[in-house]
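Each remark here refers to the structure printed beneath this line.
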Amino acid sequence: MMFQWEPDRIRFMRDASEYGDYHQRLAELMSPWLHKETHICDAGCGLGYLSLALAPYVKQVTAVDKNADALQVLEENCRRRGIHNVIVRCGNLALMQPKELYDSMAFCLFGHIGEILAIAKRQCRGKVFVITKNDAAHRFSVGSYALEGNHYQTACRYLRERGIPFESRTLKLELGQPFRNREDARRFFQLYSRDEDKSAITDNFLRKKLTETENDSFPYYLPHARKLGFIQLDAGNIPTIP
């Protein structure tokens, strides 16, 4: 199911992305394999903060997502920051085909590794980067809930079973959430928690989760060290039928 970028989700992610350096650090991780003539696709780019972070390293970024509201944030940021080498495309990446194959593609929390390989095989001629979850449990709930979806170990096992060469590593990157007030924090947990009973998000729960800052705009902060897996492989090594 496509992630629903409703206004509050956009607002929270925009604040988190601009408060910290999460996307800049992801771009730095990819930078050894990028150069000034690289055309990279940011696949399922969402609000496009990774696209913005990649832009200084490459000739062009093509940022693709299904959600027009999310892409509007990227377009606004490009205008505001004077970034001219990010091209925005709205649509289903799996149904697209670039005029020329991308030099590289980045799939950040995109989906199943099989879908990633199928797209990269058709659209890329060089390096493929896959950033996937490596958390075992949901971090924004009162109760304990296991994470579903495509995890790092699952992706590595999928590649090994098919004999596809790859390099990988695990890492933690801070992507905490700043808040303008406690009610914003409550709304955040109401949106993202897996708890059916939202009344469990009490004032006491919020006090335990939040730290106070010296930032007048964002006096509260929810720390979150996101556990990730980073995989890089060559598109030429992907078999025709993954």
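The values are calculated or read from the model by the stated rules, or taken from the named source; none is laboratory data. Just so it is clear, the structure is predicted and the values come from calculations on it, not from any experiment. Positions of Cβ are generated from backbone atoms using ideal geometry, with glycine treated the same way; all protein chains shown enter the neighbour counts. Areas reflect the complete protein model, heavy atoms only, side chains present, ligands, DNA and RNA absent. Shrake-Rupley method; radii C 1.70, N 1.55, O 1.52, S 1.80 Å.
Quick rundown of the values:
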quantity	calculated
Of the criteria (1) surrounded by fewer than 16 Cβ atoms within 10 Å (Cβ to Cβ); (2) over 21 Å from G229 (Cα atoms), which one H39 fails	(1)
Filter result for the condition that a residue is crowded, with 23+ Cβ neighbours inside 10 Å, outside any helix (DSSP H, G or I) and not aromatic (F, W, Y), over L54, L47	L47
Residue list for segment 124-170, filter: surrounded by fewer than 17 Cβ atoms within 10 Å (Cβ to Cβ), modelled with pLDDT of 90 or more and polar (S, T, N, Q)	Q153, T154, S168, T170
Selection count where residues are assigned to a helix (DSSP H, G or I) and either out of contact with any helix residue (DSSP H, G or I) (no Cβ under 8 Å at 6 or more places or on another chain) or not acidic (D, E) (or both), scope segment 105-140	10
R207 vs. criteria open to solvent by less than 50 Å² (accessible area, probe 1.4 Å), free of Cβ contacts under 8 Å to residues at least 24 places away in the same chain and either outside any loop (DSSP other than H, G, I, E, B) or closer than 13 Å to Y19 by Cβ (or both)	no
Pick from segment 216-238, criterion part of a loop (DSSP other than H, G, I, E, B) and out of contact with any Leu (no Cβ under 8 Å at 6 or more places or on another chain), ranking: nearest to Y192 (Cα to Cα)	P223
Neighbours by Cβ (under 6 Å, 6+ apart or cross-chain): first from segment 212-237, more than 30 Å from L101 (Cα to Cα); second among the polar types (S, T, N, Q) and at pLDDT below 95	K227/N134
Matching residues, segment 73-109, being in contact (Cβ under 8 Å) with a residue 60 or more places away in the chain, closer than 13 Å to G48 by Cα and touching a strand residue (DSSP E or B) at 6+ places or on another chain (Cβ under 6 Å)	A106, F107, C108
Segment 57-74, subset in a helix (DSSP H, G or I) and touching a helix residue (DSSP H, G or I) at 6+ places or on another chain (Cβ under 7 Å), residue surrounded by the most Cβ atoms within 10 Å (Cβ to Cβ)	L74
